[in-house]
Structure formats: structure tokens, C-alpha cells
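Reviewing the structure listed below.
No value in this document is a laboratory result; all are computed from the given coordinates. Computed from a predicted model, the values in this text were never measured in an experiment. Every residue, glycine as well, gets a Cβ built from its backbone with ideal geometry; the counts of neighbours run over all protein chains shown.
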Amino acid sequence: MKKRRKDVVRLFALFTLIILLVSVISFIVSIGSSIKEHVYSVSMYFYDPIAKELIPKKMDFQGTVTFVARKVFEVLKNPEDPHDFPTLPKELLLNSVEFKDGTLLLDVNTANAILTQREEFIAFLSLANSLKTIDGVNEIKFLINSKPSDTFIRYVNIDKELSNLVSTIPKFRSVYLYFLTPDLNNLAVEKREILDSPDPVFLLEEIVNELVYGSRLGLVSLLQKDFIESFQLKSFGIVEFNFTSKMNELSLGSYTSNLFVLSIVNSLTEIRDVQAVQFLVESHKVDDLFGCVNTLNPIERFAKSYDSNFVVTYFGYNVNGNLFYVPVINPVKGVDLTKAFNLLLTPPQDLETYLSNVSLESMTLKNNVLEITLTPKKVLDASSIDGIKMQLFLTYREFENIKEIDINLGEEAFILKR
């Protein structure tokens with residue numbers, strides 16, 4: 001009897017234990033299931049190239065916060081909807097994601113990605129704003145290539161932008177920076193977008209930083225950060241550009257020395273407030289740089305002087321499959337608009353013109369607007385049309401009295417402004 005009672009007690013205890021284990025397992029499974037199946041509604045910020053702004057789009061993702069963060073990263077790189085433009089370059093990788101106490105930490109591998117300033121702002125702001133809308137995320141932090149960094153890739157200050165996160169893309173302006181061709185025989189322009197500002201000193205800083213950063217497409221920049229002591233804008237549009245003594249370590253021939261100086265002068269005079277550049281070394285005026293470039297007086301764009309008359313024309317130049325435009329100085333007795341066009345028809349050796357494919361019908365200048373009417377000699381492809389526009393724009397913007405160029409090319413019309 002006692003044995004039967006003991007068996008019943010044991011059976012009851014075993015049954016109770018089984019029920020308890022089943023309850024615990026069910027509880028754990030239910031918790032895990034609720035975590036896995038949680039749906040997050042995220043505002044994904046895609047870029048609208050027409051409106052030139054980030055537009056939020058609601059998307060649902062299922063999983064943990066770290067899983068959703070990874071999904072946001074991948075969708076911004078490869079949108080599922082063909083109408084959405086990717087904002088993150090394919091080179092960017094996500095090393096890891098951690099989420100703790102409301103803070104989301106992402107380790108981003110930049111993989112040597114090269115972006116323009118506009119592209120980097122779009123990439124960062126779309127990612128940060130999208131992640132911020134994940135429920136439970138109160139703060140976002142980044143590691144770049146597994147290390148703390150002040151910048152996202154090169155331009156965007158992470159601390160500054162995250163502390164005052166907005167979805168508005170900053171305003172940019174296009175400038176044409178002057179670098180040297182790989183053979184060091186010519187200057188060539190490379191279009192670059194910089195942050196816009198009404199402050200000319202801010203624009204100067206942007207351009208100098210870009211010159212130091214160098215060409216993104218194969219041109220040569222000889223300007224290094226440790227060559228620069230300071231620069232400031234003085235009265236009458238004169239920039240005092242102060243070199244350090246390390247600049248003397250450059251060993252250049254006279255021709256290359258002149259191109260190096262003009263690359264700085266021409267780039268800085270992209271700003272309308274800048275008329276000329278006065279070069280200093282260790283805060284002192286010097287008679288010359290490199291023993292050959294006269295720097296006693298401020299140097300104007302293309303080293304223009306009161307006793308010189310010339311027209312600057314631009315021709316195509318190919319570097320490793322990238323098309324650039326090279327300025328050519330043409331001494332002339334009298335400067336007129338038609339003469340500049342005729343000069344564009346005959347490119348120097350190794351340079352290219354696109355204007356041989358068109359005939360000039362008329363050219364008129366009124367109220368700082370130059371109107372040019374051209375007739376195509378054959379059917380033009382898109383690259384030829386772009387070449388015509390760029391040659392005319394770069395050439396005629398060198399005329400101080402021209403602010404806008406209206407081109408009528410067959411049935412097409414283009415308005416190009418400085």
C-alpha cells in the first residue's frame with residue numbers, strides 16, 4: 001500500500017514537472033516568437049533627383065532592431081521598388097550592428113568609396129533619418145572602418161550632423177577646379193560641387209580643401225595641406241595665399257611652376273568676389289616662387305595683365321577614359337565673340353573639338369546674355385551635344401560681360417548660367 005502511494009506521488013511529481021517544463025518552454029518560445037515576429041514600420045528616406053530632396057516612404061520590416069537596421073541599410077543600397085533611387089553606394093558595407101539601451105551602433109566599412117559632397121550628404125542623411133524612425137531607437141552612433149571617426153566618408157561631420165539631424169539636403173554650387181594633366185603639360189578643369197554659402201571666405205575654404213583633396217578622375221594636384229599656412233580675403237577681391245616653407249620642397253620646372261600657380265589662382269577666382277591672388281611665403285612677400293614665377297604683385301586669372309590681350313578657349317582632353325576640358329590661351333589683337341568661336345574650330349595637337357560638327361548661324365550679346373544659334377552638319381549623339389555645350393560654356397564664361405549663354409542647336413535649346 002505504501003509502495004503504491006509512493007508511486008502515485010512520484011507520478012504526480014513527474015507530471016507536475018512535465019507541466020512546469022512545458023510551461024517554461026512555451027513561455028520562452030512565445031517570447032522569442034514575439035521578438036522575431038515584431039513588425040517595425042520605418043520611414044525610408046529616398047532621394048528625389050527632381051525635387052532634390054529626401055522623401056520618406058513607409059516600409060514594414062519584421063525582426064529584431066538589429067535585423068531591421070541591416071535591412072534598412074541594404075534596401076537603401078538596393079531598393080526593391082524600381083522607382084526608388086539608391087542613396088547608398090554599392091561599395092559601402094555593414095560590418096556589424098549593435099543595439100543596447102536605445103542606442104544603435106553601426107560599424108560601416110567605406111571600402112574606399114569615393115563620393116561627391118552632395119552624394120555623401122545624401123547617403124548619410126538618408127541612412128541616419130531612416131534608422132532614427134525604428135521604434136525604440138533613441139540615439140545613433142557610427143564606427144567607420146571599425147574605428148571612431150569625425151566624418152562619415154570624407155565630408156560629413158558625423159557628430160555635428162547627428163546632434164542636429166535634419167532631412168534637408170544642403171545647397172550646393174558647381175565650380176570648375178583646375179588641376180594639371182598627368183603629363184604636367186596643361187591645366188584641365190574638373191567639375192566639383194561644394195557647399196554653397198553667401199560667405200566668400202567659406203567658399204574659399206571649400207575650394208582649397210578640394211584642391212588639396214585632389215582630382216577624383218586622374219588629374220594631378222601638387223598642392224598639399226602642409227604647404228598652406230593660411231589664406232584670407234582682403235580688400236578689392238585680393239586673396240592672400242600664405243605658403244609654408246615646405247612648399248620649397250617642390251622641385252618644378254618653370255613651365256610646370258606656372259601651371260601650379262595658375263591652378264590655384266584660376267580655382268580661387270571661380271568665386272566672383274575674388275579678383276586676384278597675392279602669394280606669400282611664411283607671411284612675407286617674395287619676388288618669385290620656384291625662382292621663375294613672378295609673385296611681387298597679385299596674379300589675376302590666367303595671369304592676365306593690362307598689357308595683354310588674349311582669348312581662352314577650351315578643348316576636350318581624354319585621361320583614362322574620362323573627358324576633361326583644357327584651357328588654351330590665344331593671344332589676339334582684338335577680342336571679339338566670333339573670333340573665339342573660330343578659334344574653337346581648330347584644336348591644338350592631342351586636344352579635341354566638337355564644334356566641327358556644327359555651323360554658326362548667329363551670335364548676339366544683349367544684357368549680358370549671349371545667344372548662339374547653331375545648325376548641326378549631321379545627327380549628333382548625346383556626348384557630342386554635351387561636348388558642344390561644355391566648350392561654348394567654358395569658353396564664353398571667361399568673358400566678364402557674359403552671365404548667361406543660350407544655345408539653340410537645331411530643334412534643341414539650352415540655357416547655361418555662370
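Cα centroid distance between segment 314-357 and segment 63-112, in Å?
So the two Cα centres are separated by 46 Å.
Calculate for the chain the 222 nm mean residue ellipticity that helices alone would give, adding -39,500 (n - 2.57) per DSSP H run of length 4 or more and normalising by residue count, nearest 500 deg cm²/dmol.
Taken over the chain, the calculation gives -9500 deg cm²/dmol.
Need the list of lysines near LYS339 for cross-linking: C-alpha distance under 29 angstrom, and skip anything on the same chain fewer than eight residues off.
Within the straight-line limit of under 29 Å, LYS339 reaches these lysines: LYS191, LYS304, LYS366, LYS377, LYS378, LYS389, LYS403, LYS417.
Only loop residues by DSSP count here, and only those with at most 16 other Cβ atoms within 10 Å; note down the chymotrypsin sites (Phe, Trp or Tyr not before Pro) in segment 234-315 that meet that.
When the chymotrypsin sites (Phe, Trp or Tyr not before Pro) of segment 234-315 are filtered for loop state and at most 16 Cβ neighbours within 10 Å, TYR306 remain.
Could you calculate the contour length gain from THR103 to GLN275, that is, 0.36 nm times the residue separation minus the distance between their Cα atoms, to one decimal place in nm?
56.9 nm
If you take the beta carbon distance between ILE50 and ASP287 as r and set R0 to 60 Å, what does 1/(1 + (r/R0)^6) give as a FRET efficiency, to the nearest 0.05?
0.65
Between GLU229 and SER254, with labels modelled 7 Å along Cα→Cβ, what's the label distance in nm to one decimal, could you check?
2.7
For every other residue with a beta carbon closer than 10 angstrom to the beta carbon of ASN242, add +1 if it is Lys or Arg and -1 if Asp or Glu, then tell me the sum.
Around ASN242, the charge tally is -3.
Under 8 Å for C-alpha pairs, at least 6 residues apart: give me the relative contact order for segment 172-303, rounded to a whole percent.
The normalised contact order for segment 172-303 reaches 23 percent.
Please give me, ordered by residue number, the GluC sites (Glu not before Pro) of segment 49-106 that lie in loop per DSSP and have at most 13 other Cβ atoms within 10 Å.
Here the sparse-neighbourhood loop sites are GLU80.
Could you work out the relative contact order of the chain? I mean the mean sequence separation of Cα pairs under 8 Å and 6+ apart, divided by the number of residues, in percent.
Here the relative contact order equals 8 percent.
Just to confirm the filter: which GluC sites (Glu not before Pro) across segment 377-410 are DSSP coil and have at most 12 other Cβ within 10 angstrom of their Cβ?
GLU400
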